[in-house]
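S.K.: Input: one structure, supplied below.
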Amino acid sequence: MDIITFGLISASVILLSSVGFALIVQVEGFLNIAHGQMLLLGAYSGLFLSNLGLHIIPASIGAAIFCGLVGALFYGLLFRPVKAKGVLVLLFTSVGAAYVIYGVVGAIAGKRMLAFDLPLVRAMKLFGQPFMTIYELAIVIVAIAVALCLHLFLAYTPAGKSIRAVADNEDLARARGIDPLRTSYLVWFVASALGGLAGVFLGIMGSLHLSMGWQQIIIILATTVLGGIGSLYGVMLAAFVIAFGIEIGLIFVPASYRSGLAFLIIVVVLLVKPQGLQALWGGGRDRTH
Amino acid sequence: MEGLILFAVSISTLGAIYAMLCLSLNLESGNGPLWDLGIVSFFGIGAYTYTLLTADPALEQQSFLLGLGLPMWIGAIGAAAGGGIAAWLIGLPTLRLKREYFLIATLAFAEIIRQVFANENWLTNGVAGIYGLRQPFKSYFDAADYSYVLLALTLCGLAFTWYVTRRIIASPFGRACKALRENEPLAITAGIDPQKTSIRLFMISGALSGFAGMFYVWYNTLIIPGQFVADLTFFIWAALIIGGIGNQRGALVGGFIFIFLHDSLRFLQVSGEMAVAFTSLRTALIGLALILILRFRPEGIFAERPVRFDLPALKREARDA
């Protein structure tokens, strides 16, 4: 029972943090290491807002919007100008951006561990067993709702279609009258906002500390690889596989091996299916980069 | 003034260690086809192998394996061998993967290895680490002068690494690696086995990184798992990119420049509260430098230069020989 509960909660946070990352991988074609620091930024700006006296819900929405704007700004200032120079340059620009966020947040917030000041609640009961608190339940519901909305958004709205078109073939999309620039800004906003929201949730579940971004990016990378680079639905599935894999694995190994376990899972999967979980439904075969 | 000189000597030593790692990374990622985000694992394994071979047996309150107290030259061989063997073991499964997947898989292994260092107390004394490790030739010199000796030793190590990587890059094997980097299908048609070449390259790089790990132990006189986090990998990559990826001189200079950028601010005396903010801003500064270099000079300070072969002259030479 505990495994299901904790697995579900951590899967939700992993899901939220990874879909944004996967979206950027899909559209821009590189691994945005700075995404982990978006979580850090989200968590700390959420804390800042809630310390101002805001309720946790508007605070987390505010943090998400703030992160989204920062993400769009980063794209315009840092990534777009170097896009022509190749994947490696983009990747290490994002490493640089990650250090900038990390450094600035650290300079302002300091190295102490912080936490959201939320009223304590008792875990709800399900079939007489303690299940999860209202916060945790909210996190799970929001994560699943976000995944669903993202799917509907990508599949049915014009903006979502333009994202998929640009991800697939930028030149063709341009020829069909889609402005890739606007689409890219949109992607960066949505992806970073989701990252920021995930950061707030991560902070609610545990505590806020400076290395949370680096720790989470490792899990995000594991999830993305497991799902298959560039596959959104693969990543959604992978978030659950990783989360439950970790929870089950923790029965056998000490808790300090958490992210190690995530990686062990992906190493095993990659050896069997080098394209990740998306290979299950035939995706990722034509990918060249 | 004296303090300033000592500080300069100290960060030069660290810079030389970074430069060694940069050269080793340049060999596989700049010159070769392998984008390795796990170079810190070989560095760490080299450092731990060296420590476990040469340290005195564990005291009562400590617990780590071996502690054979062997002479240092055996430790040096052990460090390189440890790095190389680790690279072989990691390379076996991961070298089947391409670019980004390889990148993440190596990062994954580095993280797993760090967690092993931190958790397996019987092997490494865990997060408490191992302290008071000996430095070479310490008894022959005055303690005050020893930092110069250590700098000289590290520079010798750097020169050795420089020589080895230079020879390898100039060799047919090095050219095969470069061919794989440029165009794998073409390299295969030219008779280069990508699997074999890659794993050899990976092992050589791992051995060189492990060798550099030994100097890190000498420099710190202690070893803790916290020294071998993924940050270090990113730092080495940043240093290599700043210097110029694919260029030996770039790798050499990049290591030193990075350390001067990163650590020169440490000399400023500030109050405690400020110091915390300062270390963070230092990291932000590094990030900014990396972004600016990539933006305005993505090839780094020293760009990679194509090697030209004077074919008629070479033919003539071959005929005369």
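The values are calculated or read from the model by the stated rules, or taken from the named source; none is laboratory data. What you are looking at is a predicted structure, and each value in this text was computed from that prediction instead of being measured. Note that we place each Cβ from the backbone using ideal geometry, even for glycine, and neighbour counts take in every protein chain shown. Each accessible area value is taken on the protein alone, full model and side chains, heavy atoms only, with ligands, DNA and RNA left out. Shrake-Rupley method; radii C 1.70, N 1.55, O 1.52, S 1.80 Å.
S.K.: Return the residues of region B:273-311 that are more than 10 Å from chain A (Cβ to nearest Cβ) and under 19 Å from B:A238 (Cβ atoms); say none if nothing qualifies.
M.R.: The answer is B:R297, B:G300, B:I301, B:F302, B:A303, B:E304.
S.K.: Scan the helices (runs of 4 or more DSSP H) fully inside region B:179-266 and keep the ones with 2 or more residues being hydrophobic (A, V, I, L, M, F, W, C) and within 24 Å of B:Q135 (Cα to Cα).
M.R.: Hits in region B:179-266: B:194-220, B:248-263.
S.K.: Looking for something out of contact with any Pro (no Cβ under 7 Å at 6 or more places or on another chain) and more than 14 Å from chain A (Cβ to nearest Cβ) - is there at least one such residue anywhere in region B:99-117?
M.R.: no
S.K.: If you don't mind, another one. With the requirement that a residue be out of contact with any Gly (no Cβ under 7 Å at 6 or more places or on another chain), within 14 Å of chain B (Cβ to nearest Cβ) and in contact (Cβ under 8 Å) with a residue 40 or more places away in the chain, what does region A:184-211 give you?
M.R.: Matches in region A:184-211: A:H209 only.
S.K.: Something else now. Please go through (1) in contact with a strand residue (DSSP E or B) (Cβ under 7 Å, 6 or more places away or on another chain); (2) under 29 Å from A:L237 (Cβ atoms) for A:L31 and return the number of the only condition it doesn't satisfy.
M.R.: (1)
S.K.: Output the residues belonging to region B:1-58 that are touching a strand residue (DSSP E or B) at 6+ places or on another chain (Cβ under 7 Å) and closer than 13 Å to B:L232 by Cβ.
M.R.: Residue satisfying the conditions is B:A47 alone.
S.K.: Tell me the residue from B:W162, B:W122 that is touching a strand residue (DSSP E or B) at 6+ places or on another chain (Cβ under 8 Å), at negative phi and either of a type outside the set (D, E) or facing chain A (nearest Cβ under 10 Å) (or both), please. Give the derivation first.
M.R.: Working: B:W162 fails: touching a strand residue (DSSP E or B) at 6+ places or on another chain (Cβ under 8 Å).
The unique qualifying residue is B:W122.
S.K.: Given the residues B:A212, B:A190, which is the only one that is open to solvent by 30 Å² or more (accessible area, probe 1.4 Å) and either under 21 Å from the mean Cα position of the chain (by Cα) or among the small types (G, A, S) (or both)?
M.R.: B:A190
S.K.: Can you tell me which residue among B:L150, B:L123 is of a type outside the set (S, T, N, Q), open to solvent by less than 50 Å² (accessible area, probe 1.4 Å) and under 18 Å from the mean Cα position of the chain (by Cα)?
M.R.: Among B:L150, B:L123, only B:L150 is of a type outside the set (S, T, N, Q), open to solvent by less than 50 Å² (accessible area, probe 1.4 Å) and under 18 Å from the mean Cα position of the chain (by Cα).
S.K.: Does region B:55-85 hold any residues that are more than 15 Å from B:M214 (Cβ to Cβ), open to solvent by less than 40 Å² (accessible area, probe 1.4 Å) and modelled with pLDDT of 75 or more, and which are they?
M.R.: Listed by number, the list is empty, since nothing qualifies.
S.K.: Conditions first: (1) at pLDDT 85 or above; (2) of a type in the set (A, V, I, L, M); (3) farther than 29 Å from A:I134 by Cβ. A:A159 passes all but one, so which condition is the exception?
M.R.: (1)
Results for (1) within 26 Å of B:R181 (Cα to Cα); (2) out of contact with any strand residue (DSSP E or B) (no Cβ under 8 Å at 6 or more places or on another chain); (3) surrounded by fewer than 22 Cβ atoms within 10 Å (Cβ to Cβ), shown as yes or no for each residue.
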{"position": "A:D2", "(1), (2), (3)": "no, yes, yes"}
{"position": "A:V19", "(1), (2), (3)": "no, yes, no"}
{"position": "A:A22", "(1), (2), (3)": "no, yes, no"}
{"position": "A:L41", "(1), (2), (3)": "no, yes, no"}
{"position": "A:S45", "(1), (2), (3)": "no, yes, no"}
{"position": "A:I65", "(1), (2), (3)": "no, yes, yes"}
{"position": "A:L77", "(1), (2), (3)": "no, yes, yes"}
{"position": "A:L88", "(1), (2), (3)": "yes, yes, yes"}
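S.K.: Next question. With the checklist (1) within 22 Å of B:L155 (Cβ to Cβ); (2) within 11 Å of another protein chain (Cβ to nearest Cβ); (3) touching a residue at least 60 places away in the same chain (Cβ under 8 Å) in hand, flag the one item B:H262 doesn't pass.
M.R.: (3)
S.K.: Yes or no: region B:53-73 includes at least one residue that is more than 14 Å from chain A (Cβ to nearest Cβ), free of Cβ contacts under 8 Å to residues at least 40 places away in the same chain, assigned to a helix (DSSP H, G or I) and touching a Gly at 6+ places or on another chain (Cβ under 7 Å).
M.R.: yes
S.K.: Can you pull out the residues in region B:84-98 that are away from chain A (no Cβ under 11 Å) and out of contact with any Gly (no Cβ under 7 Å at 6 or more places or on another chain)?
M.R.: B:I85, B:W88, B:L89, B:G91, B:L95
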